[in-house]
Structures are given as structure tokens and as C-alpha cells.
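The values are calculated or read from the model by the stated rules, or taken from the named source; none is laboratory data. These figures come from a predicted structure and were not determined experimentally. Cβ placement follows ideal geometry from the backbone for every residue including glycine, while neighbour counts extend to all protein chains displayed.
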């Protein structure tokens, strides 16, 4: 009897919490784009306007300009690997990851909000690790 109650409670908790976990998942295309250094794939996840911080450069810019800045970063720092180390969120989600490049290691932070039921990156930050 206790086993059945435990199973029912687990199922109910999963049912209630699964929508929150579903949104907090980071799109795999984004992870793949960061691993390969493909600015076009990453920028496809950008909001029309994005807050972008790349090392010492900080600006709010249109998606097209942010893609070019990211492409320049990847040109100068060819990614060798990227892995998410922490993620979370409910109404919006965030992730922090480590990127290994040809010129050192970087910490990548991004904030994703749902716009028209589609997750979009509204903030991307790249800092020296």
C-alpha cells in the first residue's frame, strides 16, 4: 500500500513540475552552435534585440550585429568544446557554461525568455574564465 501511495505521489509531482522543467531546458541547437563556433546557429536563437557582453565590449544591439560580433569572437577564439555547467529558471531560463577555445577558457552566460511561445536569447555574456 505504501509503495502505491509513493508511486502516485511521484507521478503527481512529475505531472505538476514537468512544464517548469520543459521550459528550463536549453535548446540543443544552441549548445551545438556554441560547441562548433557557428555564430549563425547561435544567432538563430537570438531575440530581435539582445544585450551582448563579449569580454570588455558591452552593448544592446540588433540580432544581425550580435551575430557578427559573435562570429568575430569565434574567429579569434576557435571553440574546441562547450558544456553547460548550470541551468535553471521558470518564466525565463538561464544557463552558465564553460567554453574551451584555442585561446583560453571562457564562461558563457545566457538568459532565455519566451517570445511568442518561442524561447529566445535576450542576453548573452562571454567572460574570460
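Key figures for this structure:
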| item | result |
| --- | --- |
| Test: residue in region 101-122 that is touching a residue at least 60 places away in the same chain (Cβ under 8 Å), surrounded by fewer than 19 Cβ atoms within 10 Å (Cβ to Cβ), farther than 15 Å from residue 35 by Cα and touching a helix residue (DSSP H, G or I) at 6+ places or on another chain (Cβ under 6 Å) | no |
| Residue list for region 48-84, restricted to those being crowded, with 17+ Cβ neighbours inside 10 Å, touching a helix residue (DSSP H, G or I) at 6+ places or on another chain (Cβ under 7 Å) and in contact (Cβ under 8 Å) with a residue 40 or more places away in the chain | 50, 52, 54, 66, 70, 79, 82 |
| Breaking point among (1) over 17 Å from residue 121 (Cα atoms); (2) assigned to a helix (DSSP H, G or I); (3) at pLDDT below 95, for residue 85 | (2) |
| Region 88-100 - residue that is assigned to a strand (DSSP E or B) and touching a helix residue (DSSP H, G or I) at 6+ places or on another chain (Cβ under 8 Å) and, of those, modelled with the lowest pLDDT | 89 |
| Enumeration of residues in region 54-77 that are farther than 15 Å from residue 99 by Cα and under 16 Å from the mean Cα position of the chain (by Cα) | 63, 66, 67 |
| Positions within region 48-70 being more than 14 Å from residue 125 (Cα to Cα) and not in a strand (DSSP E or B), in sequence order | 63, 64, 65, 68 |
